[in-house]
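The values are calculated or read from the model by the stated rules, or taken from the named source; none is laboratory data. Note that the structure is a prediction, hence the values are computed from the model and not measured. When we count neighbours, we look across all protein chains shown, and the Cβ atoms used for this are built from the backbone with ideal geometry, even at glycine. Please note that ligands, DNA and RNA were not included when accessible areas were found on the heavy atoms of the full protein model with its side chains. Shrake-Rupley method; radii C 1.70, N 1.55, O 1.52, S 1.80 Å.
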Amino acid sequence: MKIVVLVKQVPDTAEERKLELATGQLDREAGDNVIDEINERALESALRIKDANKGTEVVAMTMGPDDAAQALRKALSMGADSGVHILDDSLNGADTHRTAATLAAALRATGFDVVLAGNESTDGRAGVVPAMVAEYLRLPLLGSLISADVTDDAVRGVRQGEGGTLNVHAGLPAILTVTERFPEARFPNFKGILTAKRKPVTTLSVAELDIPASRSRTVVVSTAERAPRAAGRKLIDDGSAASELAEFLVANRLV
Amino acid sequence: MSDVLALIEISHRGEIAASARGLLAAAARLGSPVAVVVSSEPLADDDVARLGELGAARIYSAVTAAASTVLVAPAVDALSAAAEAYEPAAVLTTNTADGREAAARLAVRTGGSVLADVVQVRNDNGTVVAQHSVFGGAYTVESTVDGGLPILTIRQGAIEGQAPAATADVSTASLEAPTAAAAVIERFNDDPMVSARPELRSAATVVSGGRGLGSSENFVLVEQLADVLGAAIGASRAAVDAGYVAQTAQVGQTGVSVSPQLYIALGISGAIQHRAGMQTAKTIVAINKDEDAPIFDVADFGIVGDIFTVVPKLIEAVKARSN
Ligand SMILES: Cc1cc2nc3c(=O)[nH]c(=O)nc-3n(C[C@H](O)[C@H](O)[C@H](O)COP(=O)(O)OP(=O)(O)OC[C@H]3O[C@@H](n4cnc5c(N)ncnc54)[C@H](O)[C@@H]3O)c2cc1C
């Protein structure tokens, strides 16, 4: 079985993240860029399938600038067999639709039985790219899963819905997205880090892919920064803090 | 005035989702609201009346047996049929898993674009402008679609108010079984009916608990304070991971974003990912025994102390004052 895991390099959520006020685009220089945690969980679930079935091939695919290659290296050091890097200046600032059209073309070129992705990235948070890819490839999407069981020709999963969960299934090929309920990822071990350097990474440019043109795109019209919050009163409890807080709540009509 | 489609979510038990109000309110700001509803049975008169009350000028009722057996595809089919029939200025869905997937597929099918996680909308001389709250409210971004249908996923609880009531005109269409490959729904597992507590996303007051609670038994303390304040319950990811509380209570980067009048954080350190979901609250109160916990940087009122001594006293003090 061939599993392609979609990974995205994002600004580390542990640091302050910034937008460029003029363009509304992500300021990639503001802090460290890391592989998005939810993609690591998706990769982890692919690697567990591989652990159980040695014949499984795991490919990590990313679209992003030069240094997104680091995200692929990390995926390879965790255990992915190969990487695909879609790298093209014309993709800078691509919106969700263009991203999905590009990923769909690259997936078609790469081939797969299963595509695994995160339910939403921590930077864009749109949560629409996997479903757009599924529509381009005319495939079933099992999105927002809290667990999944992939067999040779089908996948069953539990989806987090509103007010409950749903048991869902589909035949392969299919696209799956995982939520944070999936297990945390393993750390790359020393051997993994060493062998990662020898694993193949294919670079694809837009010209090499058959990407349908889109006449529609999203445009940012304004970006405004909000003043950071200031700290207020801080009491050390000496036994009376609770009643002071109650007074504060009453005075501010919050109770 | 142009039509604006709003995909109304209906539970598998046939109830109109609470998100319908905000969705139709947003649609009314942009044009004339058309509620698109997919169900296995024709809509009951009560549902038609309810959607009219919430502002639907028209209802496009798509009836198909697949509504409760095929995942999302029936909604996409209904939206594309309705988009063809009405040539709307925009399509709105909720920013839920179902709503986002329907929006995404519709964008590909119709050659439109998705404006995601929208917190406010406006009509700028016929252009649909969406507002987003980015990085936990640190930025406010406005966006539009250039060429093609604008498809907006609306953050639950973000749109206030209600559209003017209307008497909805219903047109019913029966949908063919979906032709596209789609996942099959085997079963729905409803959450156990929760108490009468307000819904987290739209609650005026939220009381959240973190790892500092120490166990699911101790998490009762959060519930007790919530109940004297009439508050919804939230949590940090650490509290969810530890199993103290359901995942749906998670506030933050990868959980729910809330902007209540009052947010009380109990035993939560205030990691940047947690703050991303609550720092737009009007008033923030934090109780934490670590004086240096980052939650105090955003708290209007902080108490350095043990939640197990402070919170029971707070509950008594609030009870005493409200009597
Ligand atoms: C990609 C990503 C996404 C994330 N998304 C989220 C998210 O959506 N929401 C979220 O919350 N986190 C999220 N996190 C996790 C986040 O980084 C923190 O790990 C988490 O918020 C910590 O939860 P906590 O404050 O409950 O636990 P801790 O950081 O362990 O803090 C517990 C606090 O309780 C205090 N305490 C202990 N006992 C007591 C007592 N008796 N009385 C008073 N205080 C006490 C301690 O002083 C401490 O400050 C995310 C992380 C990543 C990497």
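Of all residues being touching a residue at least 40 places away in the same chain (Cβ under 8 Å) and of a type in the set (S, T, N, Q) in region A:10-55, which is nearest to the ligand (Cβ to nearest atom)? Just the residue, please.
Filtering region A:10-55 for residues that are touching a residue at least 40 places away in the same chain (Cβ under 8 Å) and of a type in the set (S, T, N, Q), the one nearest to the ligand (Cβ to nearest atom) comes out as A:THR13.
Across region B:99-117, what is the total count of residues that are in a helix (DSSP H, G or I), touching a residue at least 24 places away in the same chain (Cβ under 8 Å) and at the interface with chain A (Cβ under 7 Å from one of its Cβ atoms)? It would help to see each step written out before you state the result.
Here is the first cut: in region B:99-117, the residues in a helix (DSSP H, G or I) are B:99-110.
From what is left, the residues that are touching a residue at least 24 places away in the same chain (Cβ under 8 Å) are B:99-103, B:105-107, B:109-110.
Subsequent filtering for residues that are at the interface with chain A (Cβ under 7 Å from one of its Cβ atoms) retains B:100-101, B:103, B:105, B:107, B:109.
Number satisfying all stated conditions: 6.
Scanning region A:14-60 for residues that are modelled with pLDDT of 95 or more and of a type in the set (Val, Ile, Thr), which turns out nearest to the chain's Cα centre (by Cα)?
Looking at residues that are modelled with pLDDT of 95 or more and of a type in the set (Val, Ile, Thr), I get A:ILE38.
Kindly indicate the residue of region B:194-227 that is part of a helix (DSSP H, G or I) and of a type in the set (Gly, Ala, Ser) and also surrounded by the fewest Cβ atoms within 10 Å (Cβ to Cβ) among those meeting that condition.
Within region B:194-227, the first condition is being part of a helix (DSSP H, G or I), and the residues that meet it are B:200-202, B:211-213, B:220-227.
Within this subset, residues satisfying the condition of being of a type in the set (Gly, Ala, Ser) are B:202, B:212, B:226.
Values: B:SER202: 19, B:GLY212: 22, B:ALA226: 23.
Per the stated criteria, the residue is B:SER202.
Which number in (1) within 8 Å of the ligand (Cβ to nearest atom); (2) more than 8 Å from chain A (Cβ to nearest Cβ); (3) over 29 Å from A:ILE146 (Cα atoms) marks the one condition that B:GLY214 misses?
Exception for B:GLY214: condition (3).
Name, by its number, the condition in (1) part of a strand (DSSP E or B); (2) touching a helix residue (DSSP H, G or I) at 6+ places or on another chain (Cβ under 8 Å); (3) without any contact (Cβ under 8 Å) to a residue 40 or more places away in the chain; (4) open to solvent by 30 Å² or more (accessible area, probe 1.4 Å) that does not hold for B:ARG122.
Unmet for B:ARG122, out of (1) part of a strand (DSSP E or B); (2) touching a helix residue (DSSP H, G or I) at 6+ places or on another chain (Cβ under 8 Å); (3) without any contact (Cβ under 8 Å) to a residue 40 or more places away in the chain; (4) open to solvent by 30 Å² or more (accessible area, probe 1.4 Å): (3).
Here's the yes/no breakdown for (1) part of a strand (DSSP E or B); (2) away from the ligand (no atom under 16 Å from the Cβ); (3) within 14 Å of chain B (Cβ to nearest Cβ); (4) open to solvent by less than 60 Å² (accessible area, probe 1.4 Å):
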{"residue": "A:ARG181", "(1), (2), (3), (4)": "no, no, yes, no"}
{"residue": "A:ARG186", "(1), (2), (3), (4)": "no, no, no, no"}
{"residue": "A:LYS191", "(1), (2), (3), (4)": "no, yes, no, no"}
{"residue": "A:ARG198", "(1), (2), (3), (4)": "no, yes, no, no"}
{"residue": "A:THR203", "(1), (2), (3), (4)": "yes, yes, no, no"}
{"residue": "A:ILE211", "(1), (2), (3), (4)": "no, yes, yes, yes"}
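Kindly establish whether B:GLY230 is more than 8 Å from the ligand (Cβ to nearest atom), under 25 Å from the mean Cα position of the chain (by Cα) and open to solvent by 20 Å² or more (accessible area, probe 1.4 Å). Show your work before the answer.
Values: more than 8 Å from the ligand (Cβ to nearest atom): yes; under 25 Å from the mean Cα position of the chain (by Cα): yes; open to solvent by 20 Å² or more (accessible area, probe 1.4 Å): yes.
Judged against the criteria, B:GLY230 is a match.
Hey, any hits in region B:79-93 for a residue that's under 18 Å from the mean Cα position of the chain (by Cα) and open to solvent by 10 Å² or more (accessible area, probe 1.4 Å)?
So the first thing to find is which residues in region B:79-93 are under 18 Å from the mean Cα position of the chain (by Cα), and the list is B:91-93.
Subset that is open to solvent by 10 Å² or more (accessible area, probe 1.4 Å): none.
So far as region B:79-93 goes, no, none of its residues is under 18 Å from the mean Cα position of the chain (by Cα) and open to solvent by 10 Å² or more (accessible area, probe 1.4 Å).
May I ask you to list the residues in region A:238-253 that are surrounded by 14 or more Cβ atoms within 10 Å (Cβ to Cβ) and closer than 13 Å to B:ALA317 by Cβ?
Restricting attention to region A:238-253, the residues satisfying the condition of being surrounded by 14 or more Cβ atoms within 10 Å (Cβ to Cβ) are A:241-246, A:248-250, A:252.
Scanning region A:238-253 gives A:ALA241, A:ALA242, A:SER243, A:GLU244, A:LEU245, A:ALA246, A:PHE248, A:LEU249, A:VAL250.
Does B:GLU176 satisfy the condition of being on the phi > 0 side of the Ramachandran plot and open to solvent by 40 Å² or more (accessible area, probe 1.4 Å)? Step through it out loud before you land on a result.
On the way: on the phi > 0 side of the Ramachandran plot: no; open to solvent by 40 Å² or more (accessible area, probe 1.4 Å): yes.
Criteria not met by B:GLU176.
Determine whether region B:143-150 contains at least one residue that is over 19 Å from B:ALA83 (Cα atoms), in the same structural domain as B:LEU24 (by TED's automatic domain parsing), in contact (Cβ under 8 Å) with a residue 60 or more places away in the chain and in contact with a helix residue (DSSP H, G or I) (Cβ under 7 Å, 6 or more places away or on another chain).
Step one: list which residues in region B:143-150 are over 19 Å from B:ALA83 (Cα atoms), which gives B:143.
Restricting the remaining residues to those that are in the same structural domain as B:LEU24 (by TED's automatic domain parsing) gives B:143.
Within this subset, residues satisfying the condition of being in contact (Cβ under 8 Å) with a residue 60 or more places away in the chain are none.
So far as region B:143-150 goes, no, none of its residues is over 19 Å from B:ALA83 (Cα atoms), in the same structural domain as B:LEU24 (by TED's automatic domain parsing), in contact (Cβ under 8 Å) with a residue 60 or more places away in the chain and in contact with a helix residue (DSSP H, G or I) (Cβ under 7 Å, 6 or more places away or on another chain).
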